[in-house]
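Trainee: Sharing a structure here in structure tokens format.
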Amino acid sequence: MSVKIRLQRHGKKGKPFYWVVAADARSKRDGKYLEKIGTYNPNTNPATIDLNLDSAVKWLHNGAQPTDTAKAILSYKGALLKHHLDGGIRKGALTQEQADAKLAAWLEAKAGKVDAKKDGLTKAQADAKAKAFKAEQDVNAKRLAAAAQAEADAIAAATPAVEEEVVAEVEAEEAPAAEENNETTEA
């Protein structure tokens, strides 16, 4: 019986969620499995992977062959590196302490990269939110300015009619006064 480390699909349509399992190669994709090794959620950014490292390495030692996607997941979490370092220990090239130190250093560097990506995504999201807020403020300011301009135009349009009436009344009052002044000078 050949054993494969592969993904078993769960979740709803459009929102996949996978179990990483060790299963007989002849069993169905979502069928019977020997052991659940971990989970993989590609819906988050970065993808959330929960993997039992020791169990995965045990299956690799026993000859399980990972599928391409499972191999990428095992590599991402360091299971393939641990399997490789264990091979070096068996051959006598490394001691257990050296292998553990190399694995710990690699895991720490990987965690730093993942944290940097999360921080970058958070910063990008905050920048996008600030940019959208600034654009909204600009649109609101333009709308308020346009409303104020329209109100001023309406007042200005109403004001000349009132001023014309006032000027006409003033001219009408001045005209009889001017006629009276002309009459007094002639007399």
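The values are calculated or read from the model by the stated rules, or taken from the named source; none is laboratory data. Quick caveat: nothing in here was measured; it's all calculated off a predicted structure. In case anyone asks, the SASA skips ligands and DNA or RNA and just uses the protein heavy atoms, side chains included. Shrake-Rupley method; radii C 1.70, N 1.55, O 1.52, S 1.80 Å.
Trainee: For Ala72 and Lys36, calculate 0.36 nm times their separation in residues minus their Cα-Cα distance, and state this gained length in nm to one decimal. The partial results should precede the final answer.
Mentor: Details: separation 36, 0.36 × 36 = 12.96 nm, distance 1.71 nm.
In short, 11.2 nm is gained.
Trainee: Per 0.36 nm of contour for each residue apart, how much would the distance between Lys15 and Asn43 grow if the chain were fully extended, relative to their Cα-Cα spacing? Numbers along the way, then the final one.
Mentor: Working: separation 28, 0.36 × 28 = 10.08 nm, distance 0.67 nm.
Fully extending the segment from Lys15 to Asn43 adds 9.4 nm.
Trainee: Rank Phe133, Phe17 by accessible area, highest first, at a 1.4 Å probe radius?
Mentor: Numbers: Phe133 120, Phe17 70 Å².
Result, largest first: Phe133, Phe17.
Trainee: Let me ask something additional. Sequence neighbours fewer than 8 away in the same chain don't count; with that in mind, list the lysines whose C-alpha is under 25 Å from Lys117.
Mentor: Straight-distance partners of Lys117: Lys15, Lys71, Lys77, Lys82, Lys102, Lys129, Lys131.
Trainee: Here's something else I'd like to know. Quick check: the distance between the Cα centres of region 1-66 and region 79-106, to the nearest angstrom?
Mentor: 24
Trainee: Quick check on region 44-171: take the gyration tensor over C-alpha atoms, sort the square-rooted eigenvalues as a ≥ b ≥ c, and tell me if it's rounded (a/c under 1.5), prolate or oblate. Provide the component values of the computation, followed by the final result.
Mentor: Numbers: a/c = 11.42, a/b = 5.54, b/c = 2.06.
Prolate shape, in that a/c is at least 1.5 and a/b is the bigger ratio.
Trainee: May I ask you to give the percent of accessible area on region 42-112 that is carbon plus sulfur, with a probe radius of 1.4 Å? Can you show the working numbers first?
Mentor: On the way: 2150 of 4150 Å².
Of all accessible area on region 42-112, carbon and sulfur atoms account for 52 percent.
Trainee: Also, quick follow-up: Assuming a ≥ b ≥ c are the square roots of the Cα gyration tensor eigenvalues, decide whether region 1-78 counts as rounded (a/c under 1.5), prolate (otherwise, with a/b larger than b/c) or oblate. Before the final figure, lay out the partial values.
Mentor: Details: a/c = 2.21, a/b = 1.28, b/c = 1.73.
Judged from the Cα gyration tensor, region 1-78 comes out oblate (a/c at least 1.5, b/c at or above a/b).
Trainee: Could I ask something else about it? Using a 1.4 angstrom probe on the protein heavy atoms only, line up Leu74, Leu144 by accessible area, largest first.
Mentor: So, going from the largest accessible area down, we get Leu144, Leu74.
Trainee: Right, something else. Using a 1.4 Å probe, what is the accessible area per residue for region 68-109, in Å²?
Mentor: Numbers: 2640 Å² over 42 residues.
Accessible area per residue: 63 Å².
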